[in-house]
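Notes follow the structure.
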Amino acid sequence: MIQLKFHLMSPFTGRLPFTGGPLRAAFLNLLRQADAELSSQVHDASEVRTYSLDPFPYDRQFMTLFKEGEEYTFGVNLLDSEHYARAIRQLVIANRTGIRLYHHLFPVRRIDLEQVNLETTMASWVEEFKRARGNSVVVTMYFLTPTQLSMYGSDMGCLLPQPERVFPALLRVWNRINQATSLERVSDYREWVEKNVSVSYHRIHTETVPLGRGRDFVGFVGKVVYVVGDRNSPFAALTGGLARFAEVSNIGKNRTAGLGRVRTVLETAAEGRGRKTRIRRGESVSRTGRGQTKNTQTTSAKV
């Protein structure tokens, strides 16, 4: 995986609505300049898209307050490093003067690049889950930006965090990554999830954000607690790994525009004592790179 962080300087003081959609358009424009064929492939709606975006920091209304002359960052996670490597080298070393967002041109100060061995990282997430004690594991997901899940065989969206829509969708993205081994068939995994993963608590509500060009997006945000049973099944450990993977891939429709961003916490019910033991506490996700264990290489390009 290649993680890019763009450092931009604000040319004005004021507020802008949710920046995910315009930032995605700006990134695809940069990608088109570096590799037009790749940009076309990435934007193909028939394919599972192997990138996600972290927008500028936002408030409770998903608005961003800018102050002239101050620096702001957004991130792009390119999940398939090999697929993007050549274009990204050209993008990072090119003399990019600015990125246009709505009616404002944001000067680019620098672009940071970090390489992550995603297969090794996924293996560590799965092993972390396996080491947990107890008969079941609790996966808490905090949906930070509006999330809309796909309904199979339909263009309609689902506004309920059903486990059979969340976790198989993550597996589909994982299996699409060229460097990754397809762990399991999605259909088999979905059947297991339907029987062994349940929602024990949720507190969610819907929010609406603009996507640009007069389009609005409605999705749910809030806290959802999943209980993963059948600890002896390899699918259980896979579920723990996918829950962590969600923090870099995002979930659901328009995840490439910064929607469906999550923070994940794994806990285990200690056997025979009824108390929970924390495996991992999620960290702030206002930036790319959410504190996961990873093998990385980092470079920075000033532009």
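The values are calculated or read from the model by the stated rules, or taken from the named source; none is laboratory data. The structure displayed is predicted, hence computed values, not measured ones. Using ideal geometry, Cβ is built from the backbone for each residue, glycine included, and neighbour counts are taken over all protein chains shown.
When residues of the stretch 190-207 are filtered for being under 30 Å from residue 26 (Cα atoms) and either exposed (fewer than 11 other Cβ atoms within 10 Å of the Cβ) or assigned by TED's automatic domain parsing to the domain that holds residue 101 (or both), how many remain?
The total comes to 1.
Determine which member of the set 231, 244 is buried (at least 17 other Cβ atoms within 10 Å of the Cβ) and either assigned by TED's automatic domain parsing to the domain that holds residue 51 or at pLDDT 85 or above (or both).
Result: 244 is the single residue among 231, 244 that is buried (at least 17 other Cβ atoms within 10 Å of the Cβ) and either assigned by TED's automatic domain parsing to the domain that holds residue 51 or at pLDDT 85 or above (or both).
Taking strands (runs of 3 or more DSSP E) that fall entirely within the stretch 12-96, which contain at least 2 residues that are in contact (Cβ under 8 Å) with a residue 60 or more places away in the chain and under 20 Å from residue 170 (Cα atoms)?
Per the criteria, 51-54, 71-78.
Which residues, counting only those in the stretch 50-98, are at pLDDT below 95, among the aliphatic types (A, V, I, L, M), surrounded by fewer than 19 Cβ atoms within 10 Å (Cβ to Cβ) and under 20 Å from residue 108 (Cα atoms)?
If the condition is that a residue be at pLDDT below 95, among the aliphatic types (A, V, I, L, M), surrounded by fewer than 19 Cβ atoms within 10 Å (Cβ to Cβ) and under 20 Å from residue 108 (Cα atoms), then 93, 94 are the ones that fit.
Any residue at all in the stretch 209-217 that is under 20 Å from residue 139 (Cα atoms) and of a type in the set (Val, Ile, Thr)?
No, the stretch 209-217 has no match at all.
Which residues, counting only those in the stretch 208-237, are of a type in the set (D, E, K, R) and either in a helix (DSSP H, G or I) or touching a Ser or Thr at 6+ places or on another chain (Cβ under 8 Å) (or both)?
If the condition is that a residue be of a type in the set (D, E, K, R) and either in a helix (DSSP H, G or I) or touching a Ser or Thr at 6+ places or on another chain (Cβ under 8 Å) (or both), then 216, 223, 231 are the ones that fit.
Inspect the stretch 141-149 for any residue being of a type in the set (Ser, Thr, Tyr), modelled with pLDDT of 95 or more and under 26 Å from residue 81 (Cα atoms) and give the result as yes or no.
yes
State all residues of the stretch 151-173 that are over 19 Å from residue 238 (Cα atoms) and of a type outside the set (D, E, K, R); if no residue qualifies, say none.
Matches in the stretch 151-173: 151, 152, 153, 154, 156, 157, 158, 159, 160.
Just wondering, is there one or more residues in the stretch 208-218 that are within 27 Å of residue 76 (Cα to Cα), among the hydroxyl-bearing types (Ser, Thr, Tyr) and exposed (fewer than 15 other Cβ atoms within 10 Å of the Cβ)?
yes
In the stretch 125-137, which residues are touching a Lys or Arg at 6+ places or on another chain (Cβ under 8 Å) and either among the polar types (S, T, N, Q) or buried (at least 19 other Cβ atoms within 10 Å of the Cβ) (or both)?
Answer for the stretch 125-137, where residues must be touching a Lys or Arg at 6+ places or on another chain (Cβ under 8 Å) and either among the polar types (S, T, N, Q) or buried (at least 19 other Cβ atoms within 10 Å of the Cβ) (or both): 125, 135, 136, 137.
Looking at (1) farther than 20 Å from residue 109 by Cβ; (2) charged (D, E, K, R); (3) in contact (Cβ under 8 Å) with a residue 40 or more places away in the chain, which is the only condition residue 5 fails?
(1)
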